[in-house]
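What follows is calculated from the coordinates using simple rules that are stated; it is not laboratory data. Note that this is a predicted model, so its numbers are computed, not measured. Neighbour counts are summed over all protein chains in view; Cβ atoms, including those assigned to glycine, are modelled from backbone coordinates with ideal geometry.
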Amino acid sequence: MIKRFRYLSILRAALALVLVAAASFPASVWAQDMLNVYGPGGPAPAMKDAAKAFGAANQITVNVVAGPTPEWVDKARQDADVVFSGAENMMTDFAKVLPGAFELRDAQPLYLRPVAILVRPGNPKKIRGFRDLLKPGVKVLTVAGAGQTGLWEDVAGRTGDIAMVRAFRKNMVFPEAANSGAAKEQWTQQKDIDAWLIWNIWQVANPELAQVVPMDEPFRIYRDAGVVLTRKGSKEPQARAFVEFLQSPAGQNIFAKWGWNAR
């Protein structure tokens with residue numbers, strides 16, 4: 001009986017040590033309580049809104065880090081669960097800078113948004129469509145990188161008329177902005193710029209900076225936001241559930257609120 005009592009005492013003491021040791025470890029060792037999501041600035045407002053809604057419903061923190069790739073890529077290599085993009089070419093670029101992090105074939109397009117013309121509040125140049133951007137003296141801001149690589153050429157060349165490409169190029173502000181964030185800063189500082197060729201969602205997120213002129217046909221083009229689970233994230237049920245949420249009716253409604261075509 002005494003031996004049994006001593007055995008039970010030793011067992012309780014050992015169990016207590018195990019519990020104390022467990023309490024000293026970060027929660028993430030035992031169960032992931034945070035998802036790390038990385039991507040560009042364009043889809044970020046909608047993505048952050050979706051992350052907030054999903055996190056509140058599932059008692060998990062969804063940490064969305066967005067902006068130019070160099071600002072987050074090193075961290076993403078360590079802990080990314082989900083990566084999102086603002087164009088198909090951008091997702092391809094992410095696969096190159098995050099080698100082995102995810103399978104490019106697993107990326108899923110989410111929603112589209114159209115190119116638009118942003119103008120100064122009040123539209124002082126009375127710009128009504130793409131052809132107005134070709135008029136002499138109109139200064140147009142464009143972006144040469146990220147999800148807008150080749151965008152202005154795609155728009156200007158839609159009809160196969162090289163004269164439009166030439167006329168538009170004459171009105172461009174050089175050098176082109178490296179990304180949408182840099183373009184936003186340039187738009188704010190250079191008040192003599194008349195128009196900004198960019199996705200409509202930038203005006204939705206920044207209504208005080210500009211008003212939008214919808215792109216007229218046949219010049220309107222679209223590019224998508226995509227999402228992919230990393231190898232790390234594919235092992236996390238909550239990461240898979242978050243991607244499913246983005247594709248759900250609730251996710252569609254959130255993206256639609258931020259200007260995306262969610263149908």
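Values for this structure:
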read-out: Value at 222 nm in deg cm²/dmol, rounded to 500, when DSSP H runs of n ≥ 4 in the chain each add -39,500 (n - 2.57); value: -12500 deg cm²/dmol
read-out: Antiparallel bridges, percent of DSSP beta bridges restricted to the range 113-222 (to nearest 5); value: 70
read-out: Listed residue (253, 193, 86) projecting farthest to the positive dipole end of the chain, Cβ model; value: 253
read-out: Extension gain (nm, one decimal) between residue 161 and residue 235, 0.36 nm per residue minus Cα-Cα; value: 21.6 nm
read-out: Interchain or long-range residues, amide H under 5 Å from residue 41's placed H; value: 67
read-out: Computed magnitude of the charge dipole of the range 172-263 (debye, nearest 20; Cβ of K, R +1, Cβ of D, E -1); value: 580
read-out: Rg to Rh, two decimals, where the range 135-188 supplies the alpha carbon set and Rh follows Kirkwood; value: 0.98
read-out: Along each principal axis, Cα extent of the chain, largest first, Å; value: 101, 34, 34
read-out: Nearest-20 debye value, the chain charge dipole, Cβ charges on Lys, Arg, Asp, Glu; value: 520
read-out: Mean separation of Cα contacts under 8 Å, 6 or more apart, over the residue count of the range 113-222: relative contact order %; value: 52
read-out: For the range 70-201, convex hull volume per residue from C-alpha positions, Å³; value: 133
read-out: Longest to shortest principal axis, alpha-carbon extents of the range 181-234, angstrom; value: 48, 31, 15
read-out: Net dipole in debye of the range 113-222 [+1 Lys, Arg Cβ; -1 Asp, Glu Cβ; about Cα centre; nearest 20]; value: 280
read-out: Residue (of 151, 219, 165) at the positive-pole extreme of the range 129-263, dipole from beta-carbon charges; value: 151
read-out: Given charges at Cβ of Lys, Arg, Asp, Glu: the chain dipole, positive-most of 104, 43, 56; value: 56
read-out: In order through the range 64-74: 3J(HN,Hα) via Karplus (6.51 cos²θ - 1.76 cosθ + 1.60), integer Hz, x for Gly, Pro; value: 9, 10, 9, x, x, 3, x, 6, 10, 5, 5
